[in-house]
1. Take the residue pairs K164/K189; K193/K432; K159/K305 and return only those whose Cα atoms are more than 25 Å apart.
2. Accessible area per residue, 1.4 Å probe, Å², for region 309-385: what's the number?
3. Give me the net charge of Y330's neighbourhood, meaning all other residues with Cβ under 9 Å from the Cβ of Y330; Lys, Arg count +1, Asp, Glu -1.
4. Between S112 and L244, what length in nm is gained on full extension when 0.36 nm per residue of separation is reduced by their alpha carbon distance?
5. Tell me the trypsin sites (Lys or Arg not before Pro) within region 106-205 that lie in a loop according to DSSP and have at most 16 other beta-carbon atoms within 10 Å.
6. If I model a spin label at E325 and S95 as a point 7 Å from the Cα along the Cα→Cβ vector, what separation in nanometres do I get?
7. Please report how far the C-alpha centroid of region 369-448 lies from that of region 102-136, rounded to the nearest whole angstrom.
8. So between E431 and K189, what do we pick up on full extension, going 0.36 nm a residue minus the alpha carbon distance?
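The values are calculated or read from the model by the stated rules, or taken from the named source; none is laboratory data. Here the structure is a predicted model, which means the values were calculated and not measured. We place every Cβ from the backbone using ideal geometry, glycine too, and count neighbours over all the protein chains shown. Protein only, heavy atoms only, side chains kept; ligands, DNA and RNA dropped before computing areas. Shrake-Rupley method; radii C 1.70, N 1.55, O 1.52, S 1.80 Å.
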Amino acid sequence: MERTPAKEAKTEGLLPRARAFRRRRGRLDNQKDKQMATQQQLEKANQGSQKSLLSCGAMVAIAVYVVINLLCNPSFSSSTRVLDATTVRERPEESRKQGSWSFWIARNYLLSSPSPPVVLFGSSLIGSATFSADAATAKHWRDCVVDRRAITLENALRKTTGHKTEVFNASLPGSMASDAYMISKALFKADNKPRLVIIGVNPRDFIDNNLSAPADTDPFHFFAPYVALDQLSKKAFSDPFGWLDWAINENVALKRVRAKCLELAASLQRQVPAANPVCMTIAQRDHAAKKGPMQAILFASGEVKVGEWLIPYPMPFGFINNMREYQQRYKNPFPPLYSAEKSFFTSFLAYLHSLNVDVLVVSMPSTAPNRSLLPPQFWQDYRNYLSSRCTEYGAQLLDLSDDQRFGQYDYLDTVHLNGNGGFKLFSIIAEKVAQSPRLAAAIAPMKQPAELRDEVQTTSVENSWH
C-alpha cells in the first residue's frame, strides 16, 4: 500500500504521544509494584506479630495450666483416694440402688461388720459352684447381687474343722487374675483384712484371647482409682497410648478435678427409690427367674440391681457344650496377656503375704475336652508357675485341674460346676483346710463372735440399706 505524505505526517505525530503514554504507564506500574511490596511487608509484619502473640499466649496458657495443677495437686492427689464404707455411701450408685458388679462386691464387703474372716475369690467358675450349691443348701433362690455368703463352704468348714466362720463370696464373672489383685488392694487394709483367702484359678484367668490387657476389664476400671499400680501400670495396658492416658489421669490434677465433677454430676441424677428397694414382689421374682440359671451365673455387663439375677431352687439340670467359645478363648495359649496376668497374680500373693493373710490357691477342675484345647507345654508352664509362686509367698496350692472325682454330671458346661460339683468342690477344699494346721488356725476365731448368725441367710430380703 502506498504511503502518502499526509499519512506519514500523521504517523510521526502519534509516535511522541505513544512514547509518553508508555512512560506514564511504566511509572504507574512501578508505583503499583512498590505499593504491593509495601503491603506484603506489612502483612508479613502483622503475621509475625500475630504468631508472636499466639506463641506468647500459648506459653502463658501452659504456665497457667501448670500453676493450677501444682496448686490443685495437694487437694486432688491420687494417693488420697481410699475406698471405704464412707466412699461407697457417697458414690452415685448408692443413691440409684443400682451399679456394676464391682460396686456391689465393694459395697457388700465394706459394709459388713465385722469384716468376714474368709474371702472367696474367682471368676464365674467359683460363682457357679457357690450359687448353685448355696441354692440347694438354703432350699431357696439366691440373689447373685446381695446373697454373698458362701453358706455351703461355711457348712463344710464347720464340719471339718469344728469352727463356725463366715465366708464372703467375692467372685466376679469374667474376673481375671489381675482383677483379684485390684479388688484385694482396694478393699483390704490392716483394719478390715480377712484371715484366709481362697482363690479359684483357671487358665482362662491368665490367657483369655478375648482380652488384650488387664486394663480391658470392668473391675479394673472400677477399682483403679483406689489402687496405686506403680510398676504394674506398664503391664496393665496393651499399648503405650493406653498407658499414657492412664498416666495423665493419675498425675494431672485437672484431669482428676474433671473426674470428680463427673462423679458429682452423676450423683445429682437421683432416681426415686421404691418403697422398699430390697424386697420384691412374686411377679418380679418370677420375671427375674426367666433369665435362666446360666444367665444368672454368668451375669451381664453394665449396671444391675437387687432382684434381677436369681439362682432358682431347685436348680434345673442341664449341660451346655461351650467348646466353641473356649476354642476362641484359648486360640493362642501364650498371648502377651499371659505374662501380664502372671505379674498381677504374683503381686496379689505378695500383697496378701505382706498383710499376713493365709492363702489357698485352688486350680479349678474342668472337663477333659476343655483341657485338651491347651497343649501340654502350656499346662506344664502353668502348673510350674502356680507351684513356684505359692511356695515363694507361703500360699498353699490345691490342684484339681484334672481331678477324676469330678464327672460330667458335676458340670453345667465344660468348665462351670453345678450344685453337685459345688458340694464336691467345697468338701474337698474344707478337707484341705482341716489338714493344714495353719489354714485351720486362720479360720478359728480368737473368741466366738456374737455377730455370726446361727441361721442361714435365705433371701436378699434380709439385706438392708445402710
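1. Cα-Cα > 25 Å for K159/K305; rest within.
2. The answer is 46 Å² per residue.
3. The answer is +2.
4. Going from the current span to full extension adds 43.8 nm.
5. Those that pass, being in a loop and sparsely packed, are K139, K189.
6. 3.7 nm
7. Centre-to-centre (Cα) distance: 17 Å.
8. 84.3 nm
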